[in-house]
Amino acid sequence: MEKVSVIVPVYNVEKYLDQCLKSLVNQTLKDIKIILVNDGSTDNSQSIIDKYQLKYPNLILALKKENGGLASARNFGLKYVQSNYVAFIDSDDYVDLTMYEKMYKKAIEENSDLVMCNLQYFFENNSHESFISKGLNLEWNNDPHKAAFLSPLFAWNKLYKKELFSENDLTYPIGLWYEDIPVSTKLFAISKKITWVNETLVYYRQRENSIMHAKYNPKMHDIFKILKIMTEELKRINKYDQYHDEIEYLFIEHCLYYGAFRFLRSNGYSQLITEGIALVNEYFPKWKDNMYLRELSFKNYFFVKTISSLTAPLYHYYLRWKK
């Protein structure tokens, strides 16, 4: 049986898939299974999958399904995992050749339920300089579980014990953007031990037409549904009070901080900002006292404290002018 299974949802990524798969089939960890889930691609992705499956029959399990979205493809792939550890990678990104060996070694040595690593954002058109994001933000809180809530919530810079999913009937919410958030936060809350490989092992491609760079789309409002789903689930498993401050900060981050910057770049910014402010005030009326706000730079602190329905147009037109 393989040590690690890597689930790769594939949908119309013929331009990037080869680079992703090369980084997987050449992993230094040899006891690995690469589970490719073709989520109804209409381009040449399946031909690329076929080529790799023919060349690496012992490494690759190729699956097909009707298009259902990223969450649906991940959930589908989870049904075929037989290893004790599982990971995800998006098919337009790629990983360091030593990634799964290093993360698996950390998991075994420290009996970790969940292992994180750092990631590098890179821009395919070289429009911006690449930058590295730490996988575990211990600078804000030295408790790994609480620090995890303050760190990147992506599914794919992590290695998980498979039983976290199977024993908790854990799946990604289908049909919503930002689907990583409620799953990652629940995993943080239920994991007995979280560890970190302080190396950059994942390369996160920034595409102009990706979700995070999209112009206004009604699906941008999904973040508000996702935050509610996350909160209710953490309450259900009696973890809400333990992580209250971190949950509160996630609301701030996704509605008034990083999320607000994203909203302001779209033509639907007014409604999004108004809805985000209302949600934060509804769940956390004392959010301005959140302990993590003091960790922000003065510029970002000022932005969070001053963003409102009245100031949003000023920020919107400033960002358009700056661009």
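The values are calculated or read from the model by the stated rules, or taken from the named source; none is laboratory data. Since the structure is predicted, the reported quantities are computational estimates derived from the model, not experimental observations. So basically every Cβ, Gly included, is an ideal-geometry build from the backbone, and we count neighbours across all protein chains shown.
Mind listing whichever residues of the range 14-36 are in contact with a strand residue (DSSP E or B) (Cβ under 6 Å, 6 or more places away or on another chain) and closer than 15 Å to ASP93 by Cβ?
Across the range 14-36, the qualifying residues are GLN19, CYS20, SER23, LEU24, ILE34, LEU36.
Can you name the number of the only condition in (1) touching a Gly at 6+ places or on another chain (Cβ under 7 Å); (2) closer than 21 Å to PHE188 by Cα that ILE252 fails?
Unmet for ILE252, out of (1) touching a Gly at 6+ places or on another chain (Cβ under 7 Å); (2) closer than 21 Å to PHE188 by Cα: (1).
Among the candidates TYR203, TYR292, single out the residue that is of a type outside the set (Val, Ile, Thr), modelled with pLDDT of 95 or more, buried (at least 16 other Cβ atoms within 10 Å of the Cβ) and outside the structural domain of LEU164 (by TED's automatic domain parsing).
One residue alone meets the criteria, TYR292.
Report the residue count in the range 152-172 for those that are among the small types (Gly, Ala, Ser) and surrounded by 21 or more Cβ atoms within 10 Å (Cβ to Cβ). Spell out the reasoning first.
Taking the range 152-172 first, the residues among the small types (Gly, Ala, Ser) are 155, 166.
With the extra rule that they be surrounded by 21 or more Cβ atoms within 10 Å (Cβ to Cβ), the set shrinks to 155.
Count: 1.
So which residues in the range 82-114 are hydrophobic (A, V, I, L, M, F, W, C) and either touching a strand residue (DSSP E or B) at 6+ places or on another chain (Cβ under 7 Å) or assigned to a strand (DSSP E or B) (or both), if there are any at all?
VAL86, ALA87, PHE88, ILE89, VAL95, MET99, MET103, ALA107, LEU114
Which one of LEU54, LEU17, LEU59 is surrounded by 23 or more Cβ atoms within 10 Å (Cβ to Cβ) and more than 24 Å from THR171 (Cβ to Cβ)?
LEU17
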